[in-house]
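Written below as structure tokens is the structure these notes are about.
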Amino acid sequence: MSQTRAVDLDGELTIQTAAEQCPRLLAVLDKNTTVRVGLTGVTEMDTAGLQILLAVRREAERLGGAAEFLDASEPVREALAILHLDAGLRPIAGGR
Amino acid sequence: MAFDADEALDIFITEARELLESFEEGLLQLEADPDDAETINAIFRSAHTLKGSSGLFGLNHLVGFAHVVETLLGHVREGTVRVTPELISVLLPCADHITRFVEGVAEGRPEPSPGEAAEAEALLARLAPFEPGAAPAAAAAVSAASDAADQEPDGPRGWYLRLRFGPDCLRNGMDPLSLLRYLTSLGTIDRIAVDDSALPEASDLDPETNYLAFEAELSTEAPKSEIESVFDFVRDDSDIRITPLDSGEFVGRIESMPDRDRIGDVLQESGAVTPGEIDEALRIQRERTRDSGPVPIGQVLIEEGIAPSAVVEAALSKQRRTADTRSGDTQTIRIDAGRLDRLIDLVGELVIAQAGISVNDHLSEAQGEVTRLIDEVRHSALALRMVPIGMTLRRFERVVRDVCVTLGKEVHLTITGGDAEMDKALVERISDPLLHLVRNSLDHGIESPSDRVEAGKPAQGQLRLNAYHDAGNIVIEVSDDGRGLDRDRILAKAVDRGLVAAGATLTDHEVYDLIFEPGFSTAEKISNLSGRGVGMDVVRRNVAALRGSIEVDSVRGQGATIRIRLPLTLAIIDGFLVGVGGSSFIVPLDRVTECVEFPTGNRDRDHMNLRGEVLPFIRLNNLFGLDGDVARRQSVVVVEQSGQRTGLVVDALLGEFQTVIKPLGPLFSSLKCVSGSTILGNGDVALILDVGPLVTEYADLERVRHAGTGNGHPSRRRPVLAGQPVT
């Protein structure tokens, strides 16, 4: 049950790259699998990127697994900070 | 307590305007005749009333200012300060200042502007030299009051943002995240939540479509329009809502705003809503109106989350208030009563002319219609003058509350009969006497809570204002459950003052009537509520001037009821036309209870048997000295006055008649039993009988007659009418 897979993202995670990044990430997901998404190589993230990460996590959970986001790069941290989300994309205290 | 402050304030403003008018008029009159004591009294009372009623509304500036003026006028009244042209020329600008301030209050500005405060100080400084002793304390109070009006500076404000970006915004190069980033440069995002509930399942996900929405709380000093401009480029396909977190501030701002007609303008000016949002709300309103009927814009604003309901409510009530103020200017017109009378007079002529036609012509259908229309016109013309008394009575709720606070008493006010309508002029002129009676009851009638408990009564006193119609009169009662009138003390005081001979026996009513004598007060200490010499005598004079009467009922220790009875003073009445000899008379129809045949074989008596009761009657032909043959079959018109029934013996019953009251000339002003005359359809004149005096005068005469020789001759009853009968 506790299968773990890791995937690292590189470069932009934006509307420019969403069309290719998204299927690639979703493809990694599988039943009862925890996917570790390494964000250290992400150079830029926008709403499209964030949306992909949220979609991945939800899909992973729907499949009975989980998605973990690791080693957020500075641009990712900055984006998450605006939204009061922690590095794991969970709301920092006070949010939803 | 159900108290409509707006309504009461409007009344105050109307009243203040009138008071100021008479104040100014009085000053000008005084300039021409500096020793006219009556005018001095009048302007003193104006200032006194103005001060009193502005105190009710917490208009401290006005209270302080009017107090100085009033005190000075008090000195003038006592003769310690002389009326000089210099004094008048200082007092006139004082009146102007008060007028300006009252107009400010009417526009919703209860505190003076800095300019007004300065003006007040300058005026008070000019008044000071006229004072016998300097009294600058009030001036200081005035300037202190004006300081509070300063605006507080704008600090950071909390905004709630609901951001639902359109699905295409990412494709269009609009990144919500960057907009949020920009938002942080305007202020601080205190909270934010990402709403991903619209995110579809992975299989349906289009990574280039935006599914996210955000909710955020932003605190910033920037105005709403600036926050809004952040989202300018996404506005078209997004749903952006920015509402203030704390609507209280906007509510406050809206309330202190000058009047506006349109709710949109109000909201926009308050900063709670931007012009763009108004446009959008209007668009939504149009759409919804097309789809499902009219929707108020306020509802759209609330439902669309554009503005919080509290702010919209405030704006709506502002708009309503504006409309009310406006209606005071345009929708209702204050008409010179004389013009109204002229109109009613003309309608009356019409009624007469029409009555003439119906006498001469055959009744056609059209004629019937004209009759109906004229009747309607008559009714609506009369209705113009009639207003419910309730508004005037409700004003006293505040009076009672404030007086209770001042006196440390607990009193509950009950108002009944507020629907009773009466002539507007009467309402206005009765409100001052009523105010005095209410204060009097509170001050002297109702005891302090501790005294009440000691007397075995509930600590809370009861004050009742009641109005009702009674036989063509309106009756207004002021009753309390206080200590009642002290018969012995009133009598002692009256003897003391030489009003009544010592040892005289008086009925209770005669004793109670004494409280209406000038300068008569049994209060041991004069409180600041009554006092100043505006007393019960003024009340009675005012009531008498309205052709009314006033009476007191009192039970020692249980309370007192003061009853004011006023005529409705209708210019047209429904009359009952009777013939006596060759003359015609009108009996007000509302006094007539029935008509019966005059019993035969009864020619010499002055009373008859009406269903087992004694009915005294008055022979009108004797009373008015009408010669001519007495009809073979006479009738008795039974009239009622204050519960007492009396018959009027007449020769012919001619039926109901719409009667236009034509006042009698000044020559006949002393006539008591005739209230006016009217012209009949055939051009004849008929006198209108004033039933009240007719019955009481006659009863008095009868008493005199019986007390005298006991064999009265009909001719002795004639002095009632001094003069030849008018035919």
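Given chain A, report the % of alpha carbon pairs whose separation exceeds 21 Å.
Of the Cα pairs, 27 percent sit more than 21 Å apart.
B:E349 to B:D627: extension gain in nm, 0.36 nm per residue of separation minus the Cα-Cα distance?
Extra length from B:E349 to B:D627 when fully extended: 97.0 nm.
Using a Förster distance of 25 angstrom, determine the FRET efficiency expected from the C-beta separation of A:D86 and B:D279, and round it to 0.05.
With a Förster radius of 25 Å, E is 0.05.
Quick check: pseudo-label points 7 Å beyond the Cα along Cα→Cβ at B:N682 and B:L92, how many nm apart are they?
So the two model labels end up 6.1 nm from each other.
If we restrict to alpha carbons, what Rg and Dmax does segment B:388-567 come to, in Å?
So, for segment B:388-567, Rg and Dmax equal 16.0, 46 Å respectively.
Rounded to whole Å and ordered largest first, report the semi-axes of the equivalent ellipsoid of segment B:275-315 derived from its Cα gyration tensor (root of 5λ).
Sorted largest first and rounded, they come to 17, 11, 7 Å.
Which whole number gives the average, over all residues in A:14-26, of C-beta atoms from other chains lying within 10 Å of the residue C-beta?
For peptide A:14-26, the averaged partner shielding equals 3.
How well do other chains shield peptide B:159-171, expressed as the mean number of their Cβ atoms within 10 Å of each residue Cβ?
Going residue by residue through B:159-171 and averaging, the value is 1.
Keeping every protein chain in place, order B:E594, B:E656, B:E121 by accessible area at 1.4 Å, biggest value first, i.e. largest first.
My answer, sorted largest first, is B:E656, B:E121, B:E594.
B:L499 to B:A32: extension gain in nm, 0.36 nm per residue of separation minus the Cα-Cα distance?
164.5 nm
Could you check the spin-label model distance between B:D470 and B:T507? Points 7 Å from the Cα along Cα→Cβ, value in nm.
Between B:D470 and B:T507, the label points sit 1.5 nm apart.
For segment B:1-89, calculate the relative contact order in percent as a whole number, restricting contacts to Cα pairs under 8 Å that are 6 or more residues apart.
Averaging sequence separation for qualifying contacts and normalising by length gives 29 percent for segment B:1-89.
From the P(r) of segment B:370-418, can you give the percent of Cα pairs sitting at distances over 12 Å?
It works out to 71 percent of all Cα pairs.
For segment B:157-328, what are the per-bin percents of Cα-Cα distances with bins 10 Å wide, up to the bin holding the maximum?
10, 34, 33, 18, 5, 1, 0
With bins 10 Å wide starting at 0, give me the P(r) of segment B:166-252 over every alpha carbon pair, in whole percents.
Calculated over all Cα pairs of segment B:166-252, the distribution is 15, 45, 29, 10, 2, 0 percent.
When the accessible area of segment B:388-567 is computed with all protein chains present and a 1.4 Å probe, what percentage of it is carbon and sulfur?
Exposed carbon and sulfur together represent 49 percent of the surface.
Across the Cα atoms of segment B:5-147, what radius of gyration and what greatest pairwise Cα-Cα distance (Dmax) are found, in Å?
Both quantities, over Cα of segment B:5-147: 14.3, 40 Å.
Quick one: if the Förster radius is 45 Å, what FRET efficiency do B:R171 and B:E7 give, using the C-beta to C-beta distance and rounding to 0.05?
My answer for the efficiency is 0.20.
Quick one: if the Förster radius is 25 Å, what FRET efficiency do B:R162 and A:R77 give, using the C-beta to C-beta distance and rounding to 0.05?
0.45
What total accessible surface area, summed over both chains, is buried at the interface between chains A and B, computed with a 1.4 Å probe and given in Å² to the nearest 100?
2400 Å²
When you look at the Cβ of every residue in B:204-212, what mean number of other chain Cβ atoms sits within 10 Å?
Mean shielding count: 6.
Highest mean first, what order results for B:439-450, B:551-562 on Cβ atoms within 10 Å?
Averaged packing, sorted descending, gives the order B:439-450, B:551-562.
The values are calculated or read from the model by the stated rules, or taken from the named source; none is laboratory data. Quick caveat: nothing in here was measured; it's all calculated off a predicted structure. Every residue, glycine among them, receives a Cβ derived from its backbone with ideal geometry; neighbour counts consider all protein chains shown. Surface areas here come from the heavy atoms of the whole protein model, side chains and all, with no ligands, DNA or RNA. Shrake-Rupley method; radii C 1.70, N 1.55, O 1.52, S 1.80 Å.
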